[in-house]
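Have a look at the structure below, then the notes.
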Amino acid sequence: MLDFNSRGQTALQVNAAIDAALVVRQAATPPRSYLGGSRLGHACERALQFEFLQAPKDEGAEFDGRILRIFGIGHALEDVAVAWLRGAGFALYTRKGDRPDGEQFGFAVAGGRIRGHVDGILAGGPEIPGLAFPTLWECKTMNAKAWRETANKGVAVAKPIYAAQIAVYQAYMDAAVPGVGDHPALFTAINKDTAELHHELVPFDAELAQRMSDRAVRGLRACDAGDLLPRAATSPDFHECRFCPWAKRCWSLPA
Ligand code: SF4
């Protein structure tokens, strides 16, 4: 007799259908034609170049269904955090005109070749020492290990790429929302395993913002000139290289 309720088979088939649809949708999404402000703190400038130039990833290095599901859960949890903060009395704006179809707050500089989209702007809310408005709101979701490290050490030490993103956004958003560059940003980290929340005020780090901006300009100039920036590592065993989607390409090219 045919067993239509074989749980293993059902899971495999439904999972495969979901993942296949996610991969198709991802493949149909046009790649970024700009250097993302959220990426400027990446450990490797050469990887940023490959990303900006849309260099084909190594075989098998494209995002698979599981990774795309992780991204999807992260985006959905950010929407949940928006609702939590608004429920707590924060005036949190995530889109221009605060319409669901409104454009995300963001910036474009260097002729649109460097861009960023912010999670939100807090215009008011409960009185909390050190929190002043308007300010930038940045939200990330993490597994328990990364969350614990971030909560214990702070975002600048535990996740320098996020700290760089916040500094760059504070710098570039200040023209559109005066005060954002003066007031500490509110950083939210959600523990995906336990639903614990970490909140941290991140003062504007002008030196970091300048360093990241210089990095972006250096990367764009190198791309325009056809130059390859140095690797961040001396061996492909380096942590970043082991997870880099251009590792084969990179290590087949000159140092
Ligand atoms: S393989 Fe390593 S050095 Fe090369 S681009 Fe990737 S992260 Fe940078």
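The values are calculated or read from the model by the stated rules, or taken from the named source; none is laboratory data. Everything quoted here is computed from the prediction, not taken from an experiment. As a convention, Cβ positions derive from the backbone with ideal geometry for all residues, glycine included, and neighbour counts pool all protein chains shown.
If you go through the stretch 240-255 and keep only what is surrounded by fewer than 10 Cβ atoms within 10 Å (Cβ to Cβ) and over 20 Å from Gln54 (Cβ atoms), you end up with Pro254, Ala255. Residues in the stretch 96-147 that are touching a strand residue (DSSP E or B) at 6+ places or on another chain (Cβ under 8 Å) and among the basic types (Lys, Arg): 4 in all. Residue count for the stretch 215-226 satisfying the condition of being surrounded by 11 or more Cβ atoms within 10 Å (Cβ to Cβ) and either in contact with a helix residue (DSSP H, G or I) (Cβ under 9 Å, 6 or more places away or on another chain) or not in a helix (DSSP H, G or I) (or both): 7. When the stretch 215-229 is limited to residues that are of a type in the set (D, E, K, R) and within 24 Å of the chain's Cα centre (by Cα), the one that is farthest from the ligand (Cβ to nearest atom) turns out to be Arg221. The condition of being within 12 Å of the ligand (Cβ to nearest atom), closer than 18 Å to Ala110 by Cα and in contact with a Lys or Arg (Cβ under 8 Å, 6 or more places away or on another chain) holds for only one of Leu35, Leu40, Leu53, Leu48, that being Leu48. When both residues are 6+ apart or on different chains and their Cβ atoms are under 7 Å apart, which pairs have a first residue that lies in the stretch 33-51 and is closer than 11 Å to Leu220 by Cα, and a second that is of a type in the set (Val, Ile, Thr) and more than 9 Å from the ligand (Cβ to nearest atom)? Hits for this filter: Tyr34/Ile114; Leu35/Ile114. For Val155, the conditions (1) in contact (Cβ under 8 Å) with a residue 24 or more places away in the chain; (2) within 15 Å of Gly37 (Cβ to Cβ); (3) surrounded by 12 or more Cβ atoms within 10 Å (Cβ to Cβ) are fulfilled apart from (2).
Okay, residues lined up against (1) assigned to a helix (DSSP H, G or I); (2) within 16 Å of the ligand (Cβ to nearest atom):
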position: Gln165; (1), (2): yes, no
position: Gly181; (1), (2): no, no
position: Leu186; (1), (2): no, no
position: Ser213; (1), (2): yes, no
position: Pro245; (1), (2): no, yes
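Close Cβ contacts (under 7 Å, 6 or more residues apart or on different chains) running from residues in the stretch 222-248 that are charged (D, E, K, R) to residues that are within 6 Å of the ligand (Cβ to nearest atom) and assigned to a loop (DSSP other than H, G, I, E, B) comprise Arg231/Cys44; Glu240/Cys44; Glu240/Ala232; Glu240/Ala233.
Residues Lys140, Lys145: which one is charged (D, E, K, R), assigned to a strand (DSSP E or B) and at pLDDT 95 or above?
Step by step, each of Lys140, Lys145 is checked, and only Lys140 is charged (D, E, K, R), assigned to a strand (DSSP E or B) and at pLDDT 95 or above.
Residues of the stretch 70-86 that are more than 12 Å from Trp137 (Cβ to Cβ), small (Gly, Ala, Ser) and out of contact with any Lys or Arg (no Cβ under 9 Å at 6 or more places or on another chain): Gly72, Ala76, Ala83. Whether a residue is away from the ligand (no atom under 16 Å from the Cβ), part of a loop (DSSP other than H, G, I, E, B) and of a type outside the set (S, T, N, Q) was assessed, and Ala232 does not pass this test.
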